[in-house]
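Nothing in this text is a laboratory measurement; each read-out follows from the coordinates by a stated rule. Keep in mind it's a predicted model, so treat the numbers as computed, not measured. Reconstructed Cβ throughout: ideal geometry from the backbone, glycine too, with neighbour counts over all protein chains shown.
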Amino acid sequence: MKKVVVGLSGGVDSSVSAYLLKEQGYEVIGLFMKNWHDDSVTISDECPWLEDSNDAMIVAEKLGIPFQTVDLSEQYKERIVDYMFNEYERGRTPNPDVLCNREIKFDVFMKIALSLGADYVATGHYCRKGEIEKNGEKIYQLLSGKDNNKDQSYFLCQLTQEQLSKTLFPIGELQKSEVRRIAAEQELVTADKKDSQGLCFIGKVRLPDFLQQKLKPKEGNIVEIKPDSETYQTGIPEFESKIEELKFLSQKYQYQPQDGKVVGKHQGAHYFTKGQRKGLAVGGTPEPLFVIDTDVEDNVIYTGQGKKHPGIYRKGLFINEDEVHWVRKDLSLKPGESLELKARIRYRQPLQEATLYQTEQGMYVVFKTPQASITEGQFVAWYDGEELLGSGVIS
């Protein structure tokens with residue numbers, strides 16, 4: 001019997017994962033990760049870890065599997081929370097879910113599981129793992145989940161071959177409705193439990209309150225840029241080289257306060273992110289204002305009216321070489337090579353046609369159609385059909 005450690009989170013997905021593995025004849029151990037102590041920033045009882053760990057324990061008891069809790073709050077603070085503060089301070093918007101999988105679940109947690117003698121780690125992610133042979137070598141594929149509404153492959157876009165080799169995704173072939181049905185049939189306490197939302201393992205957080213622990217409020221101006229601003233009237237120049245064209249397509253608009261008019265005040269540019277609409281507290285505009293850029297150096301937020309504002313869109317993005325990651329290393333590009341495929345810049349975004357261009361400095365991703373709110377610090381992931389091939393941090 002192979003031994004599997006399941007990350008029991010106290011939710012329905014991991015509960016059913018544990019049940020299915022037991023049915024398949026694995027020796028299953030349930031492990032709950034405690035990653036957060038500070039309740040002062042979570043929104044009242046939305047995701048108290050105590051209740052979750054209790055539910056996880058009740059599920060383990062029901063399934064007759066051993067259960068224990070591991071406290072990873074120190075590593076979580078160091079690798080996720082501090083990283084988030086640092087990124088926001090630099091005016092970037094991190095994705096804690098992707099990081100949490102890379103740094104905590106499939107690294108710290110996996111090492112603990114393997115030290116307990118486990119052959120595999122299993123999670124309740126909606127994605128699948130494939131295996132192929134290439135030149136006599138076994139290669140693992142990260143495939144999207146069968147439930148298109150719940151596919152979570154994007155959150156796992158930073159996994160490595162080694163991590164995939166030791167991972168199982170028991171519910172990847174199922175629809176969410178089937179997972180709930182199985183939980184109900186097995187009378188698992190989590191059958192009707194709402195999906196947890198908010199920050200991976202912390203729960204629902206008031207982001208400004210959370211960030212204010214480290215990043216102090218600092219009043220600055222909200223500047224509105226008109227859609228017919230000169231910034232957008234540049235036209236497309238003649239290019240001397242392909243790299244020049246890629247740079248042009250990927251560069252963000254540069255704004256100065258004098259390019260627009262001051263329409264309000266904010267409490268810190270580092271609390272805001274591109275595409276954000278809530279929290280600006282500026283009324284009286286015919287269409288809602290969206291953040292089109294933030295300048296943390298000068299503490300200015302630039303906004304534009306309506307979803308169609310030209311400042312929201314751009315066709316390309318760049319990833320620094322040290323932040324390009326291939327799940328399928330065997331398919332990675334060499335400088336000068338390009339590849340047409342599909343990509344997404346956020347979870348649940350429909351896949352978009354794109355071309356990757358690898359250079360010495362890093363990779364350009366150019367989309368067929370302009371994309372809304374390409375945001376520094378977020379991840380772009382690229383796919384061939386159902387298979388996620390790689391990802392990178394937007395720089």
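Taking +1 at the Cβ of each Lys and Arg and -1 at the Cβ of each Asp and Glu, which of Thr285, Leu215, Val366 sits farthest along the dipole of the chain towards its positive end, judged by Cα position relative to the Cα centre? Farthest towards the positive pole: Thr285. The fewest-to-most ranking of Trp326, Trp382 by surrounding Cβ atoms within 10 Å reads Trp326, Trp382. Normalising by residue count, the chain has a Cα convex hull of 150 Å³ per residue. Given a cut-off of 27 Å, name the pairs among Lys242/Lys342; Lys129/Lys278; Lys138/Lys342; Lys261/Lys368; Lys146/Lys308; Lys278/Lys342 whose C-alpha atoms lie farther apart than that in the structure shown. Check vs 27 Å cut-off fails for Lys129/Lys278; Lys261/Lys368; Lys146/Lys308; Lys278/Lys342.
The Cα-based radius of gyration of the range 3-212, divided by its Kirkwood radius, gives an Rg/Rh of 0.96. Selection among Ala18, Ser165, Asn135 by position relative to the dipole of the range 3-212 gives Asn135 as farthest towards the positive end (Cβ unit charges, Cα centre). Here the calculated FRET efficiency for Glu287 and Ser177, from their Cβ-Cβ distance with R0 = 45 Å, stands at 0.75, rounded to the nearest 0.05. Fully extending the segment from Gln75 to Ser395, taken as 0.36 nm per residue of separation minus the present Cα-Cα distance, adds 112.7 nm. Here is how the number arises for the chain: DSSP H runs of 4 or more residues each give -39500 (n - 2.57), the sum is divided by the residue count, and the result at 222 nm is -5500 deg cm²/dmol.
DSSP beta bridges confined to the range 3-212 are antiparallel in about 40 percent of cases. DSSP beta bridges fully contained in the chain are about 75 percent antiparallel. With one equal scatterer per alpha carbon and no solvent term, the Debye-computed log10 I(q)/I(0) for the range 73-163 at 0.13, 0.14, 0.17 1/Å reads -0.55, -0.63, -0.87. For the range 3-212, averaging the sequence separation of C-alpha pairs within contact (under 8 Å, six or more residues apart) and dividing by the residue count gives a relative contact order of 29 percent. Considering only Tyr126, Phe379, Thr190, and ranking their Cα positions along the charge dipole of the chain that arises from unit charges at the beta-carbon of Lys, Arg, Asp and Glu, the one farthest toward the positive end is Thr190. Legend: calculated FRET efficiency, Ile58 to Val262, from the Cβ-Cβ distance at R0 = 41 Å, rounded to 0.05, equals 0.15. Place a label point 7 angstrom from the Cα of Leu351 along the Cα-to-Cβ direction, then list the residues of the range 135-156 whose backbone nitrogen is under 20 Å away. Residues passing the 20 Å test: 139-156. Annotation note: GluC sites (Glu not before Pro) in the range 357-395 located in DSSP loop regions with a Cβ neighbour count of at most 12 within 10 Å are Glu360. Available extension along the chain between Glu321 and Lys111 is 72.9 nm, counting 0.36 nm per residue and deducting the alpha carbon span. For the range 219-316, a Kirkwood hydrodynamic radius built from all Cα pairs, placed in the Stokes-Einstein relation at 4 °C and 1.567 mPa s, yields a translational diffusion coefficient of 91 µm²/s. Label separation (Lys342 vs Met1): 4.1 nm, computed from points 7 Å beyond Cα along the C-beta direction.
Seen from all directions on average, the range 275-395 presents a Cα convex hull projection of 8.6 nm².
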